[in-house]
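The values are calculated or read from the model by the stated rules, or taken from the named source; none is laboratory data. Quantities reported herein were computed from a predicted structural model and do not represent experimental measurements. In this analysis, Cβ positions are derived from the backbone assuming ideal geometry, glycine residues included, and neighbour counts consider all displayed protein chains. Areas reflect the complete protein model, heavy atoms only, side chains present, ligands, DNA and RNA absent. Shrake-Rupley method; radii C 1.70, N 1.55, O 1.52, S 1.80 Å.
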Amino acid sequence: LERQLLMQNQMRERQTAMQIAWTREFLKYFGTFFGLAAIGLTTGAIKKKNPAVLLPIVPLSFIFAYQYDMGYGTMLQRIKGEAENILETQSTLLELPKGPLTFEDLEKVRRAQSKIYVEK
């Protein structure tokens, strides 16, 4: 059991590392796009003398900030803290509909499915 727990923890750590690495890689591409878009929109706003051209920078900056926080910021620590808070103070939110799954529930589903396959 201890080995299984260690293996599951290693898999979770590797998946989390992959997610962070993916976010950092995405941030490189999106950061480049954001920078070019900001330069282009600023140039367009100056040439047209219309500051409304800069409007798309607002949602793009939120996306950029989110990705940066996920890849290099403290978002994962905040998420972990909130998850711990939910586990400690709001555990009723985690309950499954109709309660936890039981062996009897699984057997009912298995029997129903086996009858369907036998009839076909």
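Computed values, structure above
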{"item": "In segment 46-102, the residues that are touching a residue at least 24 places away in the same chain (Cβ under 8 Å), more than 25 Å from Met18 (Cβ to Cβ) and either of a type in the set (Ser, Thr, Tyr) or loosely packed, with under 12 Cβ neighbours inside 10 Å (or both)", "result": "Ser61"}
{"item": "Leu87 at pLDDT below 95, in a loop (DSSP other than H, G, I, E, B) and within 23 Å of the chain's Cα centre (by Cα)", "result": "no"}
{"item": "Test: residue in segment 103-117 that is farther than 30 Å from Ala17 by Cβ, open to solvent by 100 Å² or more (accessible area, probe 1.4 Å) and outside any helix (DSSP H, G or I)", "result": "no"}
{"item": "Considering residues of segment 8-32 that are touching a residue at least 12 places away in the same chain (Cβ under 8 Å) and not small (Gly, Ala, Ser) only, the residue most open to solvent (accessible area, probe 1.4 Å)", "result": "Arg24"}
